[in-house]
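Enquirer: Supplied in structure tokens, the structure appears directly below.
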Amino acid sequence: MTHTTLLAKNIMTPHIKSVPQSWTMQKFSNFLSKNDLNGSPVANEAGEIIGIATLRDIAEFHFEAASSEYETQMNEEELKEARRLRMMIFEGLAKLPVEVRDIMTPILFSVDEDTPIKEVSQLMMKEHLHRVFVKNDTSVTGIITTYDLLTVIVEKLP
């Protein structure tokens, strides 16, 4: 089989691990760490994939809660007060159960199982994606990551 005839179903990772949208961000972080993952599909109560959440989403949530463009315009006294308020906000956020649904990206990019990997690669490059879901009709059957594509390339090298 050459690289031009490889299909999404030939290189996808089947049986992807999804997380419930109701998980707390802390539980989600622990799940990613325990399973050595950078992200995971998010499922609703019916088990349907409705989005994706990643370590980047967690980092951006914390960053947005902590940063302000107005700080460049503040004097020393205002900066001190902003830091004090930020600490209060962080303490409050730690007590709030932020759920995966609050940080996930609801946009899903997917391809059919019979999509040639060249098309999969082109989609991932065009949309700047690190992972694409693979479907059979309407059900998600797997995922293709940049790692999967790199594996194909390495296997073809002499």
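FYI, it's all coordinate maths here, none of it is from the lab. Keep in mind it's a predicted model, so treat the numbers as computed, not measured. Cβ: placed from backbone, ideal geometry, glycine included. Neighbour counts: every protein chain shown.
Enquirer: How large is ³J(HN,Hα), in whole Hz, for each residue of segment 40-55 in order, when computed from phi with the Karplus curve 6.51 cos²θ - 1.76 cosθ + 1.60 and θ = phi - 60°, using x for Gly and Pro?
Expert: In residue order, the calculated couplings are 7, x, 10, 10, 7, 4, 7, x, 7, 6, 10, x, 9, 10, 9, 4 Hz.
Enquirer: If you take the beta carbon distance between Leu157 and Leu85 as r and set R0 to 41 Å, what does 1/(1 + (r/R0)^6) give as a FRET efficiency, to the nearest 0.05? Before the final figure, lay out the partial values.
Expert: On the way: r = 54 Å, r/R0 = 1.33.
Efficiency, rounded to the nearest 0.05: 0.15.
Enquirer: Another question about this same structure. Rounded to the nearest 5, what is the percent of antiparallel bridges among the DSSP beta bridges in segment 8-156? Working shown, then result.
Expert: On the way: 15 of 20 bridges.
Counting DSSP beta bridges with both partners in segment 8-156, the antiparallel share is about 75 percent.
Enquirer: Amide H to amide H, which residues 5 or more places from Ala43 or on other chains are under 5 Å from it, using H placed in the peptide plane?
Expert: For Ala43, the qualifying residues are Val19, Gln21, Ile50.
Enquirer: So for segment 8-156, what percent of the C-alpha to C-alpha distances run longer than 23 Å?
Expert: Numbers: 5211 of 11026 pairs.
Value for segment 8-156: 47 percent of Cα pairs lie more than 23 Å apart.
Enquirer: Holding the Cα-Cα limit at 31 Å, pick out from Lys34/Lys80; Lys27/Lys80; Lys27/Lys135 the pairs that are longer than that.
Expert: On the way: Lys34/Lys80 38 Å; Lys27/Lys80 33 Å; Lys27/Lys135 27 Å.
Violating the 31 Å limit, Cα to Cα: Lys34/Lys80; Lys27/Lys80.
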